[in-house]
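See below for the structure under consideration.
The values are calculated or read from the model by the stated rules, or taken from the named source; none is laboratory data. Model, not experiment: these values are computed from the prediction. Quick reminder, even Gly has a Cβ in these numbers, built from the backbone with ideal geometry, and neighbours come from all protein chains shown. Surface areas here come from the heavy atoms of the whole protein model, side chains and all, with no ligands, DNA or RNA. Shrake-Rupley method; radii C 1.70, N 1.55, O 1.52, S 1.80 Å.
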Amino acid sequence: MTSITNHLPTAELQALDAAHHMHPFTTNDELSEKGARVITRAKGVYLYDSDGHEIIDAMAGLWCVNVGYGREELVNVASRQMMELPYYNTFFNTTHTPAIALAAELAKLAPEGMNQVFFAGSGSEANDTNIRMVRTYWAEKGHPQKKHIISRKNAYHGSSLGSGSLGGMSYMHAQGGMPIPDIHHINQPDWWSEGGDHTPEDFGLARAQELEAKILELGAENVAAFIGEPVQGAGGVIVAPDTYWPEIQRICDKYEILLIADEVICGFGRTGNWFGSTTVGIRPHIMTIAKGLSSGYVPIGGSIVCDEVAEVINAVEFNHGYTYSGHPVCAAVALENLRILQETDILHHVNHVAGPALKAGLEKLAEHPLVGGLNICGMMASLPLTPDKASRAKFAMEPGTVGFMCRERCFANNLVMRHVGDRMIISPPLVITPEEIDIFLERAQKALDETYAALEEGDMLRAAS
Ligand SMILES: *Cc1c(COP(=O)(O)O)cnc(C)c1O
């Protein structure tokens with residue numbers, strides 16, 4: 001057996017990685033050429049790679065490490081739970097304390113009237129559950145044809161066949177037979193990219209009304225649900241104009257369409273409330289959760305379900321579940337993570353300490369000649385890059401070229417900031433301090449300056465015509 005430690009030279013690790021490891025969302029041949037960056041450990045908001053770099057993680061892993069790295073409480077709880085009961089299922093009339101306690105705690109944190117939880121292993125799985133749950137709900141109520149689900153272009157709801165179909169990523173749909181039938185996508189409320197000369201308010205309203213048009217086109221009697229992220233994450237941190245969500249709520253109410261809020265990123269403090277639904281003022285029937293639920297320490301997801309839907313589903317045998325639904329170790333770690341978030345009063349930190357510091361700093365960064373604006377909600381933000389601030393123009397080059405250049409400059413300055421197309425994405429651990437935010441901002445400024453200089457030198461600051 002090969003035993004791999006962090007002490008192997010980086011090049012050897014990279015060669016083994018290239019030989020045997022297929023990375024997600026990656027052209028593996030290209031990665032093999034340059035070698036993957038090997039992350040060896042992490043503490044607080046910092047990552048350490050196999051070459052000894054200390055890198056500030058402004059992405060909280062993949063939007064998930066809300067309490068930061070290296071929390072011993074989570075390690076201890078996992079270890080204790082593994083000794084006591086490492087695994088048991090919740091299928092055959094059995095249950096266990098971690099799943100019970102976590103479900104009860106989630107019901108306490110969730111908005112009123114949402115008191116039931118169906119566990120999954122990830123956000124993708126939870127959204128697959130949601131597809132079957134809303135269709136089963138309507139079928140049991142005598143409306144089996146009410147099965148169509150409306151989502152949005154450029155939404156991200158996961159990568160399995162069902163959740164990837166709910167998502168609106170065209171480059172994902174291009175591979176492997178997606179979307180599955182009876183899923184529809186309306187336009188997203190992305191004013192910065194698509195709003196043209198409209199005011200954000202008019203644009204938000206118009207984009208919400210596309211839901212009404214789609215419902216009328218399909219027939220309200222055929223539409224089961226609408227799904228949306230309160231703030232789109234992977235699509236580029238898109239904060240809808242204020243007019244958008246109230247109109248979506250009105251339309252869902254009017255036509256009796258279930259509302260699913262995908263809280264996988266927005267949940268657990270990221271937007272300044274326990275759930276993004278509270279921040280944008282909607283009343284969902286189902287909330288998808290994952291990521292920050294366990295701060296990414298162990299894989300766990302789920303659906304928090306309102307009483308009205310749960311009552312119908314609980315009256316029948318719902319022929320659905322996962323081996324790891326409510327996994328005791330994952331549930332115990334998630335519960336401890338929720339305890340830490342509450343004990344440290346994370347909402348206060350986000351709303352009154354880290355959030356305002358991040359916003360003030362990013363507003364200054366947004367004055368940079370390469371930055372065309374700022375999208376921010378709590379501790380998630382994006383900076384769209386542009387060759388012309390005034391017109392919010394796109395670059396003449398292939399979309400994503402400049403974003404990628406900037407991401408590489410971030411890496412070179414020991415900063416993880418992701419790019420989505422030509423937007424730079426920020427979603428740090430919620431526990432980040434104002435001092436650490438200053439370090440992040442300094443490195444981000446440097447990366448932007450270097451990107452700008454390279455673009456000037458290559459005569460690449462041209463707008464698409
Ligand atoms: C990441 C994400 C998912 C998918 O979660 P996985 O755990 O990767 O399956 C679903 N919805 C949103 C909004 C996400 O950001």
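Values as computed for the structure displayed
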| read-out | value |
| --- | --- |
| Sequence-distant residues sharing a close amide H with residue 420 (under 5 Å, placed H) | 425 |
| Extension reserve of the residue 435-residue 364 stretch, reckoned as 0.36 nm per residue once the Cα distance is removed | 24.0 nm |
| Residues residue 254 and residue 29, FRET efficiency given R0 of 41 Å [Cβ-Cβ distance, rounded to 0.05] | 0.20 |
| Stokes-Einstein translational diffusion, the stretch 143-273 - Kirkwood Rh over all Cα pairs, 1.306 mPa s, 10 °C, in µm²/s | 106 µm²/s |
| Karplus (6.51, -1.76, 1.60) ³J(HN,Hα), θ = phi - 60°, over the stretch 152-158, in Hz, Gly and Pro reported as x | 10, 4, 6, 7, 10, 10, x |
| Relative intensity, log₁₀ I(q)/I(0), of the stretch 73-343 from a Debye sum that treats every alpha carbon as a point, q = 0.11, 0.15 Å⁻¹ | -0.59, -1.09 |
| Mean Cβ count within 10 Å, highest first, over the residues of peptides 153-159, 170-176 | 153-159, 170-176 |
| Under 5 Å, built H, 5+ apart or other chain: amide partners of residue 267 | 276 |
| Calculated FRET value between residue 54 and residue 76, using beta carbons and R₀ = 25 Å, to 0.05 | 0.45 |
| Distance between modelled label sites at residue 401 and residue 456, nm, 7 Å Cα→Cβ extension | 2.0 nm |
| Other-chain or far-sequence residues with amide H under 5 Å of residue 115's (modelled H) | 305, 307 |
| Linear extension gain, residue 388 paired with residue 339, 0.36 nm per residue minus alpha-carbon span | 13.0 nm |
| Contour excess over end-to-end distance, with Cα ends at residue 15 and residue 213 and 0.36 nm allotted per residue | 66.0 nm |
| At least 27 Å along the helix axis (C-alpha) and Kyte average at least -1.0, DSSP helices within the chain | 200-218, 434-457 |
| Whole-angstrom Cα spans of the chain along principal axes, big to small | 66, 58, 45 |
| Accessible-area composition of the stretch 73-343, carbon plus sulfur, in percent [1.4 Å probe] | 52 percent |
| Rounded D (µm²/s) - the stretch 61-115, Kirkwood Rh over Cα pairs, Stokes-Einstein at 37 °C, 0.692 mPa s | 239 µm²/s |
| Residue pairs, from the table 43/108; 359/446; 153/359; 359/389; 153/291, whose Cα atoms sit over 24 Å apart | 43/108; 153/359 |
| Under 25 Å from residue 147, Cα to Cα: lysines that are on another chain or at least 8 residues apart | 214, 254 |
| Förster-model FRET efficiency, 25 Å R0, residue 307 and residue 83, C-beta, rounded to 0.05 | 0.10 |
| For the stretch 73-343, accessible area per residue (1.4 Å probe, heavy atoms of protein chains only), Å² | 40 Å² |
| From phi via Karplus (6.51, -1.76, 1.60), per-residue ³J(HN,Hα) for the stretch 389-400 in Hz, x at Gly/Pro | 4, 4, 9, 6, 5, 8, 6, 5, 6, 2, x, x |
| Simple label model, 7 Å out from Cα along Cβ direction - residue 97 to residue 315, nm | 3.6 nm |
